[in-house]
Amino acid sequence: MAVYKKTEKGMNELLAPTHSLDARLVGILILVDSVRESDEVNRLIQEANLPVDGLEILLHGGFIDRKFKGSATPVEGKKSTPTEPVTPVTATPTRKLERFNALYGYLVEQTKALLGLRGFIHQLRIERASTLLELKALIEPIGKAIEKRHGPEKAKHFLRESERLAVAAIAERDI
């Protein structure tokens, strides 16, 4: 079992205005948070239909590193060579907007439903967010507020669905 962390190269890739990685690999890079074990990351990769060998590609490219000893287990035993090119996602502007709006709508709806007036500040931040990365950055603080109010189960469900929507939206981006 391994836990991966972003390297300085990985952080620079996420913060850069243009990316050298395929959008789907950027989505995987976002999932690497120094907390999730490789099994959980691989499950999210599979749910979002991202490349199953993405962790290995990012590891060999120097974008992530192992936080603890171990190795990532490929999803469903599939493994392709790291040199195999990842075909870029061709997304229409309408589709990209739909993905952004799906994440935006989910965050607004869940914040209102689960936090009520206590979530007002989070709702303002969601409304001000104009990029996917800004929305993605709001998921964790909202999840913590939900956990504080409703417990870990509701927060876990919220975080799982939000991450799925975020990765799907980011994977549609042109980079």
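Assorted remarks:
- Pairs, first outside any helix (DSSP H, G or I) in region 129-147, second of a type outside the set (A, V, I, L, M), C-beta under 8 Å, six or more apart: ALA129/TYR104
- Within region 45-62, being part of a helix (DSSP H, G or I) and modelled with pLDDT under 85 holds for one residue alone: GLU47.
- From the list ILE146, ILE139, the one residue that fits, being modelled with pLDDT of 90 or more, surrounded by 15 or more Cβ atoms within 10 Å (Cβ to Cβ) and farther than 29 Å from LEU21 by Cα, is ILE146.
The values are calculated or read from the model by the stated rules, or taken from the named source; none is laboratory data. These numbers come from a predicted model, not from an experiment. Neighbour counts run over all protein chains shown; Cβ positions are idealised from the backbone, glycine included.
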